[in-house]
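These notes concern the structure reproduced below.
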Amino acid sequence: MRTFALDRPATVAEAVGLLAGDPAAQVIAGGTDLVTLMRDGVSAPARLVDISGLGLDRIEWLPDGTLRIGALCDNAPADQRLRTEFPVVVEALRSGASPQIRNMATVGGNLLQQPRCPYFRLPEFACNRRNPGSGCASIAGDSAKQAIFGASDACVAVHPSDLAVALQALEAFVLAQGPAGVRRIPMDEFHRLPATTPHIGHSLRPGELVIGVEIPPRHHGRRSHYVKFRDRASFAFALVSAAVAVDLRGGKVAVARVALGGVAAKPWRALDAERVLAGRPFGQAAIDAAAAAAVNGAVPRPDNAYKVELVRRVVRRALTELGES
């Protein structure tokens, strides 16, 4: 491991100043992703900014019902109201990693974790995300776990976060503080599709620091659910996951949200599935139609075509279980 400078700012403003003054500096808190990348020679920052002492570890409910989760909250929140108002968030967090890692990892780090693409994490392979312009070894190699939505000729990796998928379904916001002040970034705009710049995975501006997540009050938050399909029962990333949320009025779907994980470089909003559900009785016919519509626009590769049918089944299961709850 290469030597590096370590800064421990006492305030958010000080941290923002350090990041703005050194664009190559990297943030560290729980360290559950970055430390492994440094250990494996994938990342070698010359400066780390340790934000673990900034006090951004509170869950706060505002008078209007808005929820704010600090960026340094761990991935095992013990907040009963969160379980009631937004069960999809708790379910998504519980499906990730191991209990030890969930107690160490932070909310901000969860959203900013790097892809689990084996070619990204093995420096001997070409990877445009790790080394821009070097190529994508996965395109000619094994892409069985890669994207079926939004991929490009430069990158086919998927984002690994479960939490991000739940937040996408709830239309949450990422709170970022930078030299110009605090900015609310819609969840759908926080992660970027690869296009020709896969090394830029998020929309943070230079010097900006994620300070938390905000979920406005949502009628469909209480009726929400997360289903994750993976290679093994625990401590594995999603092959496909679905976060679903439905608000019923008079027996019909007034609002539906369907977000997919494990299928794109960002949590993928299945808008056609949502349109199919809207205005219909929340029964099997609507659920089947939504599951079919969820794969509209999918562009699978030869070795990940199985994900198309898997998306249909995971969405159908998530909506069916939600209807039975």
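In table form, for the structure just shown:
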quantity	calculated
Heavy-atom accessible surface of the stretch 257-325: percent carbon and sulfur, 1.4 Å	54 percent
Most positive-pole-ward Cα, Val210, Gly279, Gly250, against dipole of the stretch 184-289 from beta carbon charges	Gly250
Within the chain: Cβ-based charge dipole about Cα centre, in debye rounded to nearest 20 (Lys, Arg +1; Asp, Glu -1)	560 debye
Cα-based shape type of the stretch 50-96, given that a ≥ b ≥ c are square roots of the gyration tensor eigenvalues and the cut on a/c is 1.5	oblate
Surface per residue (accessible, 1.4 Å probe) for the stretch 4-162, Å²	45 Å²
Label corresponding to volume of the Cα convex hull per residue in Å³ when calculated from the structure given, among (i) 142; (ii) 120; (iii) 130	(iii)
Accessible-area composition of the stretch 121-256, carbon plus sulfur, in percent [1.4 Å probe]	53 percent
Per residue value of the accessible surface for the stretch 212-325 (all protein chains in place, 1.4 Å probe), Å²	43 Å²
Cα gyration tensor category, rounded, prolate or oblate, for the stretch 174-241 with a/c compared to 1.5	oblate
Arg269 long-range amide H proximity, modeled H, under 5 Å	Leu260
Vicinal HN-Hα couplings computed from phi for the stretch 10-24 (Karplus, 6.51 cos²θ - 1.76 cosθ + 1.60; Hz; Gly/Pro x)	9, 9, 4, 4, 5, 5, 4, x, 5, 5, 5, x, 9, x, 8
Lysines whose Cα lies under 27 Å from that of Lys145, excluding same-chain neighbours fewer than 8 positions away	Lys228, Lys266, Lys307
Ala233/Leu271 FRET efficiency (R0 51 Å; Cβ-Cβ; nearest 0.05)	0.95
Using a Förster distance of 41 Å, the FRET efficiency for Phe4-Trp61 (Cβ separation, nearest 0.05)	0.60
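The values are calculated or read from the model by the stated rules, or taken from the named source; none is laboratory data. Bear in mind that the values here come from a model prediction, so they are computed numbers and not experimental data. Because the Cβ atoms are built from the backbone with ideal geometry, glycine has one as well, and the counts that use them run over all protein chains shown. In case anyone asks, the SASA skips ligands and DNA or RNA and just uses the protein heavy atoms, side chains included. Shrake-Rupley method; radii C 1.70, N 1.55, O 1.52, S 1.80 Å.
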